[in-house]
Amino acid sequence: MSADGAAPGAGRHVLVLGGTTEARRLAEALAGEADWRVTTSLAGRVAAPVLPPGDTRIGGFGGAAGLAAWIAAHRVTHLVDATHPFAERMSFNAAEAARLSGVPLLALRRPGWEPAAGDAWTFTDSLAGAAALLPGLGRRVFLTTGRMGLHTFAGLDDTWFLVRSVDPPDGPVPARLEVLLARGPFTLEDERELLARHRIDLLVTKDSGGSATAPKLAAAREAGLPVLVVRRPPVPEGVPEASSVAAALERLRRDGRAPSR
Ligand code: NAP
């Protein structure tokens, strides 16, 4: 037995870099399969995360080299980057760690959102870009970009913000702010009611994609509200992608049939 309790050569060990609904769903599916061992890694940003089945570990690895060392020490045979599309640094770390360790990497990336007919979406490349454009677009803003980048909007004193996040914000925040602590998924009815109750005139969102938080876009469309969308950051080149949990599973099962290291 190795230090982590795994019998050498026994089965496949997938390390899922998590923090998304899709990562949890993938771990749930793999945990039910014989001959697969699954460990999910979380950054530790959320105080009480919903833990998937299988093993879990929490906290950074110490960069790409640290991740590569963890992969070697725990006999990981497959690496899946199922982090949020805006977790840019971790995706690049995963690509570099896969290169260093020789373990195959698969990126599970849900497709981005597309505007529908009648949508008034303005795109920007960053939270700073959103903060610069925002005063020209709305006065009562539903800001759904997460608590981590909230300081970027802290100087906008003439704007009222409704911010929704899982944990309370820390650090500098906008002066006129109401915080709603909630964890998705959210329904269209929830979002419709929220926009009306707070007399929202602008929705600000990252292009996170996926269905769990998409109803806010439908509610904004219904209400004729403009939407300010932060585009996704770049991803490392040459990493195979799956756009759904089912596609990722199929790929892992296929790769898993080949002899592992
Ligand atoms: P990031 O900027 O790409 O990563 C910063 C550092 O956090 C990484 O270098 C790594 O530290 C650590 N880290 C990130 N994801 C990790 C994981 N799954 N397991 C272990 N360590 C991890 O990431 P972020 O944008 O702060 O996001 C952090 C986590 O929140 C991610 O797991 C992501 O899936 C989730 N999340 C992010 C967003 C978002 O909008 N960014 C939204 C929802 C959920 P070391 O270098 O020390 O390894």
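The values are calculated or read from the model by the stated rules, or taken from the named source; none is laboratory data. From a predicted model like this one, the values you see are computed outputs, not experimental measurements. Counting neighbours? That spans all protein chains shown, and the Cβs are built from the backbone with ideal geometry, glycine included. What goes into the accessible areas is simple: the full protein's heavy atoms, side chains included, and nothing from ligands, DNA or RNA. Shrake-Rupley method; radii C 1.70, N 1.55, O 1.52, S 1.80 Å.
Element breakdown for the chain at a 1.4 angstrom probe: carbon and sulfur atoms account for 53% of the accessible area.
Computed from label points 7 Å out along Cα-Cβ, the spacing between D207 and V50 is 2.6 nm.
For the stretch 85-158, the Stokes-Einstein estimate of translational diffusion at 25 °C and a viscosity of 0.890 mPa s comes to 158 µm²/s, using the Kirkwood hydrodynamic radius over alpha-carbon pairs. From the alpha carbon centroid of the stretch 26-67 to that of the stretch 107-169 is 29 Å.
Entry note: the stretch 1-152 has Rg to Rh equal to 1.06, where both radii use alpha-carbon atoms and Rh is the Kirkwood radius. Each peptide in 54-63, 18-27 was scored by the mean count of other Cβ atoms within 10 Å over its residues; highest first, the order is 18-27, 54-63.
Short-range pairs are left out: with C-alpha atoms under 8 Å and at least six residues apart, the relative contact order of the chain is 20 percent. The eigenvalues of the Cα gyration tensor, multiplied by 5 and square-rooted, give the stretch 121-230 an equivalent ellipsoid with semi-axes of 19, 15, 14 Å from largest to smallest. Among 69-81, 39-51, the peptide with the highest mean count of other Cβ atoms within 10 Å heads the list, and the full ranking is 69-81, 39-51.
Note that the chain presents 48 Å² accessible area per residue, ligands and nucleic acids not counted, probe 1.4 Å.
Over the stretch 81-173, what relative contact order in percent results from Cα pairs under 8 Å that are six or more residues apart?
On the way: 73 pairs, mean separation 19.6, N = 93.
After rounding, I find 21 percent.
T145: net charge of surrounding residues, Cβ under 11 Å, Lys/Arg +1, Asp/Glu -1, itself excluded?
Combined, the nearby Lys, Arg, Asp and Glu give +2.
Mean residue ellipticity, 222 nm, helices only, the chain: the sum of -39500 (n - 2.57) across DSSP H runs of n ≥ 4, divided by residue count and rounded to 500, is -8500 deg cm²/dmol. Working note: Debye formula, equal point scatterers on the alpha-carbon atoms of the chain, no solvent; log10 I(q)/I(0) at q = 0.15 Å⁻¹ is -1.06. Between L133 and A154, the contour length at 0.36 nm per residue exceeds the alpha carbon distance by 6.1 nm.
Phi angles of the stretch 34-51 translate, via the Karplus equation with coefficients 6.51, -1.76, 1.60 and θ = phi - 60°, into HN-Hα couplings of 5, 6, 10, 10, 10, 10, 9, 10, 10, 6, x, 6, 9, 5, 10, x, 7, 8 Hz per residue; Gly and Pro are given as x.
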